[in-house]
Structure formats: structure tokens, C-alpha cells
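Undergrad: Okay, here's the structure, questions in a sec.
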Amino acid sequence: MLTVRAPATSANLGSGFDVFGVALETPADIVRVERAAETSITVTGTGSQYIPEDPDENTVGAVAEALDAPAHIRIDKGVRPASGLGSSAASAAAAAVALNELYDRGYSREELVPIAAEGEAVVSGEAHADNVAPSILGGFTVVTDDGVTQVDASIPVVVCLPETAVSTRDARRVVPAEASLEAIVDTVGHAATLTVGMTRNDPELVGQGLRDEIVTPERASLIDGYDRVREAALEAGATGVTVSGAGPGILAVCHRSARRPVASAMVDAFDTVGIESRAYQTAVGGGATLY
Ligand code: HSE
């Protein structure tokens, strides 16, 4: 039997829509695998009641099939589904790393990224690698048609997760089909600033680089209380705030000492609009780990 812990992730980071992603130190999914004649799946943990155990409908079932690695797979969810924290990607990433090892398939971590992304497509409909890449590789990842580029990074973040849901379908529907050249130029500048910030472990640059006027405002309008939570986080010391993935999670970047006040300001701000929430005081961290 093998056990792998794969972290939650935050995709997009504002200016890097469908391109940027980071691994978070917490929360994480734990996946245990054991060789079997046929794949079977059990799911426990946060939001497990919403996750199908039928291998044809579960992201890890598709990963097992892609690796020709039938197994009893036990998923302990630490990452809530529909949170904007790459919940299905964490399970897919953990399963890919675990089954590759269990069956000695010999794929590199980089080669496992598209395999896990295909698995994720079973539930999300589209194979985005911007969550599975950081969950497998850790740090900050850049996914393009040419492949994945990764750099280790250590940036303090707070992710605040309201007890509300945003459908990924809606979150993609509101993405504008076009943007002005001016908005694109601004976004490229912010994306470049963010990338430099990641390589320097600089929360000021990363915070500035989250800015995006193309996708984020549309996504934010689907999250009740977003503007209040954003303002509260900035007042409490965040260097930048954006929507995590497709939402409803909200990501704030800050210095280490500001994590606690930023977390409580975000929870209090959601509270003022009658929404309960939970804040994770975490950081950009490592990828999937084999126990
Ligand atoms: N980058 C994609 C999106 C995947 O924002 O829709 C999010 O999980």
C-alpha cells in the first residue's frame, strides 16, 4: 500500500488566467492505493458526499485507467470540492503520483501532469493543467502549449473560503471573449511582475502582480461579498487580493506577520454580509509527497 499527500492549489493568480498556479501548504488530499484486479474508490473527508465513487465518474478512476494501474483507492478529502482550490486536481495529482509508484511506471513528475489533467477532465469537462501542475510539482507553475515551467517559491498567503458555491460552468461563461489592447498590455505587465516576485520570494511584487481587469472583475461578481472581503484584506495588510481559481475562494498575498490579521479581516467581512467562511493561513509550498 502507498500513501500520497497532494496539496490544494490556486490557479490563475489574477493576471495568469489558465496559465499560473501555486501549490499551497494546506489544505491537502491524502490518497492511499493498493493493487487490485479492478479499480474501486472510497471517498471520505470534507465534501465527500458530493464526490462519486464510481471509477467512470471519478477523477482518480480516469488516472488509474490512463496508467493501466487498477487499484483500491481511498481518498481522504482535505480540499473542499467547488472551492476554487483545485479539489479534484489534488485527488488526481495524488493518484497519479501514487499509482505511478505502485506499478513502477517510471513516469517523471512532469510526465504525470498531462495524465492527471486528463483525469481531472472527467469531472471538469476540460483538461486544465493549471491546478494539477502545481499540485504535482509544487511551487509556482506556468502552463502553456509548450509545457510546464516550475519554480519553487515561498510566499505567505491567506485563502478565505465562504460557505457558498460558484459553478465552474458559470465561472467560465462570464469570461469575456475579447479584451482591449490596453487591458492586455496591463495584464502582461502584472503577470511579468508576479513572475519576478515569485522568483524573488517577494510578497509585494506578487501582490501587485495579481492585478487583472479582464477576467477577475467578472468572476468576482459571482462571489457575494467579494468587494468587502478584498477591501478588508487590503486594509489589514494584504499586498494583493484575487479570486482563487474559479472561486468562491478568495486569495490574499501578504507578509508572514500579516497573515493572522488578514485572515480575521476576511472572515469578519464575509460575516457582515451574512456568509460564514473559513480562512487558511498558509503559503506557497511543495508538491505531492509520497509517504
Ligand atoms: N483556470 C481555470 C479557470 C481552472 O479558472 O477556470 C480553475 O480551476
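The values are calculated or read from the model by the stated rules, or taken from the named source; none is laboratory data. These figures come from a predicted structure and were not determined experimentally. No Cβ is skipped: glycine too gets one built from the backbone with ideal geometry, and neighbour counts run over all protein chains shown. Just so you know, the surface numbers come from the protein's heavy atoms only, side chains and all, with ligands and any DNA or RNA stripped out. Shrake-Rupley method; radii C 1.70, N 1.55, O 1.52, S 1.80 Å.
Undergrad: State the number of residues belonging to the stretch 55-94 that are in a strand (DSSP E or B) and not acidic (Asp, Glu).
TA: Residues flagged as in a strand (DSSP E or B) and not acidic (Asp, Glu) within the stretch 55-94 amount to 6.
Undergrad: Can you tell me which residues in the stretch 185-214 are among the hydrophobic types (A, V, I, L, M, F, W, C) and either farther than 21 Å from Thr149 by Cβ or not assigned by TED's automatic domain parsing to the domain that holds Val267 (or both)?
TA: Answer for the stretch 185-214, where residues must be among the hydrophobic types (A, V, I, L, M, F, W, C) and either farther than 21 Å from Thr149 by Cβ or not assigned by TED's automatic domain parsing to the domain that holds Val267 (or both): Val185, Ile214.
Undergrad: Continuing with the same structure: Restricting attention to the stretch 100-122, report how many residues are assigned to a helix (DSSP H, G or I), modelled with pLDDT of 95 or more, open to solvent by 20 Å² or more (accessible area, probe 1.4 Å) and farther than 15 Å from Val148 by Cβ.
TA: Final tally of qualifying residues: 2.
Undergrad: Does Asp54 satisfy the criteria of being open to solvent by 40 Å² or more (accessible area, probe 1.4 Å), in contact with a helix residue (DSSP H, G or I) (Cβ under 9 Å, 6 or more places away or on another chain) and either farther than 20 Å from Pro156 by Cα or more than 16 Å from the ligand (Cβ to nearest atom) (or both)?
TA: So Asp54 passes the test.
Undergrad: Taking the conditions exactly as written (of a type outside the set (Asp, Glu), within 15 Å of the ligand (Cβ to nearest atom) and either open to solvent by 40 Å² or more (accessible area, probe 1.4 Å) or assigned to a strand (DSSP E or B) (or both)), does Thr26 satisfy them or not?
TA: no
Undergrad: Does any residue in the stretch 214-234 that is farther than 19 Å from Glu163 by Cβ come within less than 6 Å, Cβ to Cβ, of a residue that is within 16 Å of the ligand (Cβ to nearest atom) six or more places away or on a different chain, and which pairs are these?
TA: Ile214/Ala179; Ile214/Thr187; Val215/Phe17; Val215/Val175; Thr216/Gly14; Thr216/Thr242; Thr216/Val243; Glu218/Val174
Undergrad: Report every pair of residues separated by at least 6 positions or lying on different chains whose Cβ atoms are under 6 Å apart, first residue within the stretch 252-269 and assigned by TED's automatic domain parsing to the domain that holds Pro203, second open to solvent by 60 Å² or more (accessible area, probe 1.4 Å) and of a type in the set (D, E, K, R).
TA: Ala269/Arg228
Undergrad: Right, next: Taking the residues in the stretch 142-194 that are part of a helix (DSSP H, G or I) and of a type in the set (D, E, K, R) as candidates, determine which candidate is nearest to Ala121 (Cα to Cα).
TA: Of everything passing the filter in the stretch 142-194, Arg169 is nearest to Ala121 (Cα to Cα).
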